[in-house]
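Everything on this sheet refers to the single structure shown next.
Nothing in this text is a laboratory measurement; each read-out follows from the coordinates by a stated rule. In this text the structure is predicted, and so the values were computed from the model without any measurement. Methodologically, a virtual Cβ is constructed for each residue, glycine included, from the backbone with ideal geometry; neighbour enumeration extends over all protein chains shown.
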Amino acid sequence: MNVWLITVGEPLPIDSSNARLMRTGLLARQLLEQGHGVVWWSSAFDHFRKKNREYSESELPLFGTGRLQLLQANPYQKNVSLARLRNHYRLGREFTRLAQQREKPDVVVCSMPTIELSLAAVRYGKKNGIPIVLDIRDLWPDIFLNLAPTVFRPVARALLTPYFLMLEEACRDASAIFGITEEIVEWGVKYSSRPRNHHWDRAFPLAYSHKTPESADVENGFEFWRNLGIVQGHSLKVFSFVGTMGRQLDLSSITEPIRRMVDSDSNLRFVFCGDGERLPELRQRFQDNPAVLLPGRVGFAEIWTLLRMSNAGLIPYKDTEDFRMSIPNKVVEYLSAGAPVISSLSGTTQKLLQENSCGISFFDGRQFTEACSVLAEPQKKAPFSIAATKTYENFFVAEKVYANMISLLEDIASAKEQE
């Protein structure tokens, strides 16, 4: 079958030689390995680095036989901004314009967000008789409504009415609704105003490919951390965060506990890898504190080696409704490395950690300190690490998860052909 994948906001294989593939990238590669045709529609603007991808051609090779179609749109510097809304509006327009010029696919998988691309994809499918699958990852526009103070939410709801209407149309006219958790599938079905089809409306978790870097890259990764004072097999106790330092970070409950812990134990290290709008604040909070490392954005080999030297991976996020219904990809990445998770999230993530004994949840500074204290001890950490690996292998191996997704996509495409 020929499959279109529509996703912006993920790293692309063209971004660097060691770009970390996420959900759509892993799915695209697996589809191609199984002999299917793939066109990945994405943005010419790099969401993470906040700059345009400079290529003379808008259509590029993807993993050999696939194609990558870049959509032009204006840049933005802040994730919550009018410029970003204009970017999304133009992406939807560009897809609508270019889609009519290409050979029709057998099935389309469109990530939501963005709402604009989701609606454009569904309208394209409805016009051309092609099944469209919405793959819901974030609860837009609900999350924007939740950002407003309670007293102003009725006003915010009115201002967001166009986006709610677009979401309702996209969910209603989609052939199937996928989501990264059962709770998110139910959320999408609610907006579709139809009963759930339990065969086609399915949850497929964010999955991770257990790829090992080349041996030379692994050595370079360990060397990178040695230069920062973190040595493999050393007595240091390392707690790591790897990800975007955006508005979702909740630093209020961990800053003072980290300061107190590193003052009382010279072997503790806290590492925050990544960049984002809150990185300057983080650097200010921990300035002149050598036990807190902020190396910025690092590569795949550096992440791979760091997590294998870590006592735990940190998820210090705000416990908002969208996160309570989700399992962030950072959780899965930590588990794949056998790193227990210390998480501030209730809901689905807390349930995963409790039921599989692969991490500890915290909801205040005292609980955060206690979690770090437990996982700093090798004997107490060991069963959590074993459980982390087992949880990853049971639920989150990309090759298994996306093989199941591809099988269902084949059913959806086949059912349309038989109509």
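Take every DSSP beta bridge whose two residues both sit in the range 215-395, then give the antiparallel share in percent to the nearest 5. Around 5 percent of the beta bridges assigned by DSSP in the range 215-395 are antiparallel ones. Amide H contacts under 5 Å for Leu268: Lys237, restricted to partners 5 or more places along the chain or on a different chain, H placed in the peptide plane at 1.01 Å from N.
Rounded to the nearest 20, the Cβ-based charge dipole of the range 215-395 about its Cα centre (Lys and Arg +1, Asp and Glu -1) stands at 200 debye.
Considering only Cα-Cα distances, which of the following residue pairs are longer than 28 Å: Lys78/Lys104; Lys211/Lys381; Lys78/Lys237? Mind showing how you got there, number by number?
Working: Lys78/Lys104 35 Å; Lys211/Lys381 24 Å; Lys78/Lys237 35 Å.
From Lys78/Lys104; Lys211/Lys381; Lys78/Lys237, over 28 Å: Lys78/Lys104; Lys78/Lys237.
Here is the list for the range 301-396: chymotrypsin sites (Phe, Trp or Tyr not before Pro) lying in DSSP coil, each with at most 15 other C-beta atoms within 10 angstrom of its C-beta, are Phe363. For the peptides 254-267, 232-245, the ranking by packing is 232-245, 254-267, with the highest mean count of neighbouring Cβ atoms within 10 Å listed first.
Tally the DSSP beta bridges in the chain and give the antiparallel ones as a percent, rounded to 5. Present the calculation step by step, with values, prior to reporting the outcome.
Working: 7 of 50 bridges.
Taking every DSSP beta bridge within the chain, about 15 percent pair in antiparallel fashion.
The residue among Gly37, Asn128, Thr348 whose Cα reaches farthest toward the positive pole of the charge dipole of the chain, with charges on the beta-carbon of Lys, Arg, Asp and Glu, is Asn128. Summary of the geometry: the range 104-141 and the range 161-217, compared by the centres of their Cα atoms, lie 11 Å apart.
Here the range 359-419 is treated as a sphere whose radius is the Kirkwood value from Cα pairs; by Stokes-Einstein at 25 °C and 0.890 mPa s it diffuses with a coefficient of 164 µm²/s.
Taking the Cα centre of the range 271-367 as the origin, how large is its charge dipole in debye, to the nearest 20, when only Lys and Arg (+1) and Asp and Glu (-1) carry charge on their Cβ atoms? Please report the intermediate quantities before stating the final value.
Numbers: 10 positive and 11 negative charges, 28 e Å.
Dipole about the Cα centre, nearest 20: 140 debye.
In percent, how large is the relative contact order of the chain, given Cα pairs closer than 8 Å and 6 or more residues apart?
Averaging sequence separation for qualifying contacts and normalising by length gives 13 percent for the chain.
Each Lys and Arg Cβ is given +1 and each Asp and Glu Cβ -1; about its Cα centre, the chain then shows a dipole of about 780 debye.
Among His88, His198, sorting on how many other beta-carbon atoms sit within 10 Å of each Cβ, with the fewest leading, yields His198, His88. For the range 1-74, what's the relative contact order in percent, using C-alpha pairs closer than 8 Å and at least 6 residues apart? The value is 32 percent. DSSP loop (so not H, G, I, E, B), at most 10 other Cβ within 10 Å: list which GluC sites (Glu not before Pro) in the range 14-116 pass both filters. Hits after loop and neighbour filter: Glu54, Glu57, Glu103. Taking amide H as placed 1.01 Å from N in the peptide plane, Ser43 has its amide H under 5 Å from the amide H of Gly9, Leu71, each at least 5 places away in sequence or on another chain.
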